[in-house]
């Protein structure tokens, strides 16, 4: 009995010691890590587009670095061999769209990415964002930047970006491993774009830009004051 008591005491001591050495989760660093995922990545999968009666289901490739992003919606051709871009959307300090065959999708890109795509640029400088607003985010998992709201999960994953004034929102869903699984861009009553992610790779991404659009060529310049606002939250 004495040996059993000593054994139980030893086990309890070990367990207590182990619990004491477990460090609490640093939610600020967790926030920084989760936000940094959105700075540099390549994702591919299937895109579903619905816009003013137009519906389309195609493959997509999305490349994003800190300063630029490009979405290519691909026409797979026969048996999905040698897919070629059906529409390409490039976003940096300007927006460019290449979609000669589907002008409706070009309109969708201009509305959705001209106003909604800029919201993702608040993620360009993660260190600056966390330094300025990290404590506010940790209070209730939300952040409001000039009317644009960001919602986070308890695990500090980005769940939603929304601007009520423009009726544009972006919703994020994740796999059990924590990688993006589905991203939905909603354009109010006009339509939506749903990205179903098959694979994603972080880091080392390269983006091929589209030519800067000329005046009245189907693209438009993002106003300078808006670029400054979005890039420096």
Can you name the condition, by its number, that residue 174 falls short on among (1) within 21 Å of residue 61 (Cα to Cα); (2) out of contact with any helix residue (DSSP H, G or I) (no Cβ under 8 Å at 6 or more places or on another chain); (3) surrounded by 14 or more Cβ atoms within 10 Å (Cβ to Cβ); (4) modelled with pLDDT under 95? (4)
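Take the residues in region 142-171 that are surrounded by 13 or more Cβ atoms within 10 Å (Cβ to Cβ) and on the phi > 0 side of the Ramachandran plot, then tell me which one is modelled with the lowest pLDDT.
167
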Selection over region 48-72 where residues are surrounded by fewer than 20 Cβ atoms within 10 Å (Cβ to Cβ), within 17 Å of the chain's Cα centre (by Cα) and farther than 30 Å from residue 128 by Cα yields a count of 1
Residues that are over 22 Å from residue 58 (Cβ atoms) and loosely packed, with under 14 Cβ neighbours inside 10 Å, drawn from region 177-205: 177, 178, 188, 189, 203, 204
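The values are calculated or read from the model by the stated rules, or taken from the named source; none is laboratory data. Bear in mind the structure is a predicted one, so any value in this text is a computation, not a measurement. Counting neighbours? That spans all protein chains shown, and the Cβs are built from the backbone with ideal geometry, glycine included.
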